[in-house]
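Here the structure is laid out as structure tokens; the discussion comes afterwards.
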Amino acid sequence: MQNRKPSILEVRNISKSFGTTKVLDGVDLNIHEGEVVVVIGPSGSGKSTLLRCINFIAAPDSGSIWFENSEWKTPKSKRNPIALRQHERELAGMRAEIGMVFQHFNVFPHLTACQNVTLGLRKVVHLSKADAEAKAHDYLNRVGLAEKFHEYPEHLSGGQKQRVAIARALALEPKVMLFDEATSALDPELISGVLEEMRKLALAGMTMVVVTHEMRFAFQVAHRVVFMDQGRIIEQGPPEQFRNPQEPRTRAFLNAILE
Amino acid sequence: MTKYIFDWGIIRDNFGALMNGLKITLYIAFAGLTIALILGLIVALMRLSRSRTASWIAGSFTQLMRGIPLLVLLYWIYYGVAAELNLNFSPFSAGAIALGLTGSAYMAEVYRGGLNAVDPGQREAALAMGLRRSQAFAAVIFPQAVRIIIPPTVNVFVGLLKGATIVSVIGVTDMLYVAQVVSLRTFTPFELYSAAGVVLVAITVAIAGFSWSLECHLGRGGNRV
Amino acid sequence: MSKSANFDLKPVFDSFGLLMHGFGLAMYIAAVSIILAVALGIIVALMRLSSFAPARWLAFAYTQLFRGLALYVLIIWVYFGLAVALNINLAPITAGIVTLALLNSGYLSETFRSGILAVDRGQVEAATAIGLSKAQIFRSVVGPQALRKIAPATGNQFVDAIKDSAILSVIGVPELMHETQRLAQYYFRPFEFYTFAGALYFLAVLGVSYLFRILERKLSNKTVESKRFFSFQTSQIPNN
């Protein structure tokens, strides 16, 4: 399924090192509106880091992100406090348009499911309490958690916590959703519930960048699959292409996984 | 050598004065704690700030306060600073300030430990939603840190309480001052200081028990999700 | 009282010898009491861990008692109280060392106990399976690992003992604090003298912490980052 929509997010020559290890090595990636891009690859390939660089949860060492008619870069100098504050304020605005779901959920344990969702609505979008709660109701309902509205996360299963996290991200109505191994920390029987939510989102036309190990899901839902290894994109294309990959490294990886 | 006759009644006779003294001890410890809680938070935030100067100042302050005996600090304030700057501290305020300064160094460490103990993923999730750093701190990180911080804070208070025992040397009329005055008059230091010791241990054990039950209660809602 | 002229360190320098003498005495007292405290602490810790219930209770009471007491109260009780009541007349220095040793042994025994307990049970099981005796296991497996956890806490206690030695001035031990007080009153220069005393204690504490850092490094087999070398180890809560 080709996607001819315009690109709405571009990763431009992003590099990042942790100490002496180069985790991302000049990665370029264009994401188009409504496209579902799934990133696969072995551990240490940099896929999670790439995702985190997109919304600057991790700051890239070089390169930039193009999003919403702006180019986003890591400020060179960390000294100027006024410039830094300004940059952060702008980043906050950018992050409100990009939603992220984490491997370890990161739901706020001291807040109920409802409060987890309304926090962003009230502090970032500045909705009134009533409007925020109505919206929270709506989104929690959509992920099937209507009756858990006032529960604290400690009483929820892993899958339910992750769905709260998804509702929390979706409620801000972002343009792009990032999923960082969203099902890797879940017990096997809870994975399908979360994948189902992700599938629904994809079908509804959300632009998504998904890092995952779930190959079946990847090939069913993706418009484009991207294979990364050692900080570089080795191969990318529609799922059919990966039935017979061009690159040997891709082939080796898929053989090992699909055993 | 005549055998010593224990005069436990001396405690009963002076019970009122001793209890008043105990109140003063508790007041000064609480005053010190209040200063320590506020100043300690400031120091902790300075330590965690991005400004290297602020961080260095906070770090040096902490090291200094933890490296100097309380007694020296007390005399330095009450006699030294008073003479040099031509000020007049009341013994109580000098004591409270000294306790507050040392306490703040320990509280700064407690705050830091508490803030660091909050799962870093929480901060990431808050930022990824578009919250600014200050919002993330106030709504997500600090509430979770508070639960972690309470038991060690109680420990700091116990330390301040024990530190407060020395303030009688500059004339604060606390429980030990009363014990000293009476025992000088009646030659009964054993009985009086035993009583003081028992009271002190009793309070410490009570606080320890309270802190333990507090920790049990606070298990809710603070675990990693 | 009229403001004395500006900062004048000359009296301090004139009394340097006396102050250093007091400083040396303070360090001596701290060192001796810590050594005693370690010995006592080990005994009490082992009692706490023994299978003999009365020993456990006794040890528990011991630690609760000495962790709850303040040095000031205890030292006066020992020096004046015991003298008047039981005719036990200790020299001030002896009273000081004994009291400091007792107090610090309370904390140290707890540290030792948790250090020993913190060694993984699996280690003990593996060692038993090989056929080592209990004593051998303690000496070769549990001991060395517990030691690594214990060294920093002992360093902290030593630092505390140095600071606590100042309180001994109230019973007349001629250590640093006592001498500083005397000289500050004699020369009417409290600010200069107390600042100097504070600086001396601070340097002593830094020095001892530094030495214990080196000790820790030697004990561990991985390289310890030395960025924060001139700082105190843990966020130990005050226990004076």
### Query
So is A:S157 farther than 16 Å from A:F102 by Cβ and of a type in the set (S, T, N, Q) or not?
yes
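Is it the case that some residue within the range B:38-50 is away from chain C (no Cβ under 12 Å), open to solvent by less than 30 Å² (accessible area, probe 1.4 Å) and more than 28 Å from C:H178 (Cα to Cα)? Show your work before the answer.
Initial filter on the range B:38-50 (away from chain C (no Cβ under 12 Å)): B:38-39, B:41-43, B:45-46, B:48-50.
Among the residues that remain, those that are also open to solvent by less than 30 Å² (accessible area, probe 1.4 Å) are: B:43.
The next check asks that each one be more than 28 Å from C:H178 (Cα to Cα); those that pass are B:43.
Yes - at least one qualifying residue is present in the range B:38-50.
Looking only at the range B:5-37, which residues are open to solvent by 50 Å² or more (accessible area, probe 1.4 Å) and within 12 Å of chain C (Cβ to nearest Cβ)? Please lay out each step first, then the result.
Of the range B:5-37, the ones open to solvent by 50 Å² or more (accessible area, probe 1.4 Å) are B:5-8, B:12-13, B:15, B:19-20, B:23, B:26-27, B:30, B:34-35, B:37.
Listed by number, the residues that qualify are B:I5, B:F6, B:D7, B:W8.
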### Task
Would you tally the residues in the range B:111-133 being among the basic types (K, R), assigned to a helix (DSSP H, G or I) and either closer than 14 Å to A:V107 by Cβ or within 12 Å of chain A (Cβ to nearest Cβ) (or both)?
2
### Message
Only one of A:K16, A:K22, A:K5 is under 29 Å from A:F219 (Cα atoms), more than 17 Å from the chain's Cα centre (by Cα) and open to solvent by less than 30 Å² (accessible area, probe 1.4 Å). Can you tell me which?
### Response
A:K16
### Message
Need the failing condition index for C:Y62 against (1) surrounded by 20 or more Cβ atoms within 10 Å (Cβ to Cβ); (2) within 14 Å of chain B (Cβ to nearest Cβ); (3) of a type in the set (S, T, Y), just the number.
### Response
(1)
### Query
Name the pairs whose Cβ atoms lie under 9 Å apart, with the first residue in the range A:185-213 and among the aromatic types (F, W, Y), the second assigned to a helix (DSSP H, G or I), and 6 or more positions between them or separate chains?
none
### Query
Filtering the range A:67-86 down to residues that are exposed (fewer than 10 other Cβ atoms within 10 Å of the Cβ) and within 13 Å of chain B (Cβ to nearest Cβ), which residue is farthest from A:R52 (Cα to Cα)?
A:I82
#### Entry: Those residues of the range B:1-58 which are polar (S, T, N, Q) and either more than 30 Å from C:A83 (Cβ to Cβ) or without any contact (Cβ under 8 Å) to a residue 12 or more places away in the chain (or both), in sequence order
B:T2, B:T34, B:S49, B:S51, B:T53, B:S55
## Note on the structure
Flagged pairs (Cβ under 9 angstrom, 6 or more apart or on separate chains; first in the range A:136-156, more than 14 Å from chain B (Cβ to nearest Cβ) and closer than 19 Å to A:G120 by Cα; second open to solvent by 20 Å² or more (accessible area, probe 1.4 Å) and outside any helix (DSSP H, G or I)) are A:L145/A:E151
### Which numbered condition A:G159 misses (of (1) open to solvent by less than 20 Å² (accessible area, probe 1.4 Å); (2) within 11 Å of chain B (Cβ to nearest Cβ))
(2)
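Matching residues to (1) of a type outside the set (V, I, T); (2) away from chain B (no Cβ under 14 Å); (3) not in a helix (DSSP H, G or I):
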{"position": "C:N6", "(1), (2), (3)": "yes, no, yes"}
{"position": "C:V12", "(1), (2), (3)": "no, no, no"}
{"position": "C:G41", "(1), (2), (3)": "yes, yes, no"}
{"position": "C:A45", "(1), (2), (3)": "yes, yes, no"}
{"position": "C:W77", "(1), (2), (3)": "yes, no, no"}
{"position": "C:G81", "(1), (2), (3)": "yes, no, no"}
### Query
Where residues in the range B:57-67 are within 24 Å of B:F142 (Cβ to Cβ) and of a type outside the set (S, T, Y), which of them is most open to solvent (accessible area, probe 1.4 Å)?
B:I57
### Filtered residues of the range C:175-187 (kept if open to solvent by 10 Å² or more (accessible area, probe 1.4 Å) and at the interface with chain B (Cβ under 8 Å from one of its Cβ atoms))
C:Q181
#### Entry: Residue, nearest to the chain's Cα centre (by Cα), within the range C:154-192, restricted to residues that are more than 28 Å from C:N6 (Cα to Cα) and of a type in the set (D, E, K, R)
C:D160
### Message
Within the range B:137-147, does at least one residue satisfy the condition of being within 14 Å of chain A (Cβ to nearest Cβ), closer than 30 Å to A:Q115 by Cβ and not in a helix (DSSP H, G or I)?
### Response
no
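To keep it simple, each residue is scored yes or no on (1) within 14 Å of chain A (Cβ to nearest Cβ); (2) free of Cβ contacts under 8 Å to residues at least 40 places away in the same chain; (3) hydrophobic (A, V, I, L, M, F, W, C).
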position	(1), (2), (3)
B:E109	no, no, no
B:Q135	yes, yes, no
B:V158	no, no, yes
B:L161	no, no, yes
B:A179	no, no, yes
B:T188	no, no, no
### Query
Where in the range A:1-67 are there strands (runs of 3 or more DSSP E), lying fully within it, with 3 or more residues that are under 22 Å from A:Q103 (Cβ atoms)?
A:7-18, A:21-32, A:36-40
### Task
Mind listing whichever residues of the range A:90-139 are among the charged types (D, E, K, R), open to solvent by less than 50 Å² (accessible area, probe 1.4 Å) and at pLDDT below 90?
none
### Query
How many residues does the range B:68-87 hold that are crowded, with 22+ Cβ neighbours inside 10 Å and facing chain C (nearest Cβ under 8 Å)?
9
### Query
Considering only residues of the range C:87-130 that are open to solvent by less than 60 Å² (accessible area, probe 1.4 Å) and not in a helix (DSSP H, G or I), which is modelled with the highest pLDDT?
C:A91
### Message
Quick check on the range B:201-219. Is at least one of its residues within 14 Å of chain A (Cβ to nearest Cβ) and touching a residue at least 24 places away in the same chain (Cβ under 8 Å)?
### Response
yes
### Task
Check C:A129, C:A135, C:A151 and return the single one that is more than 10 Å from chain B (Cβ to nearest Cβ) and in contact with an Asp or Glu (Cβ under 6 Å, 6 or more places away or on another chain).
C:A151
### Message
For the range A:88-107, give me each residue that is in a loop (DSSP other than H, G, I, E, B) and farther than 16 Å from A:V124 by Cα.
### Response
A:F102, A:Q103, A:H104, A:F105, A:N106, A:V107
### Task
Answer yes if at least one residue in the range C:157-166 is among the acidic types (D, E), within 14 Å of chain B (Cβ to nearest Cβ), assigned to a helix (DSSP H, G or I) and surrounded by fewer than 24 Cβ atoms within 10 Å (Cβ to Cβ), and no otherwise.
no
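The values are calculated or read from the model by the stated rules, or taken from the named source; none is laboratory data. Fair warning: this is a prediction, and the values are worked out from it, not measured in the lab. Quick reminder, even Gly has a Cβ in these numbers, built from the backbone with ideal geometry, and neighbours come from all protein chains shown. The accessibility values were calculated without ligands, DNA or RNA, using every heavy atom of the protein model including side chains. Shrake-Rupley method; radii C 1.70, N 1.55, O 1.52, S 1.80 Å.
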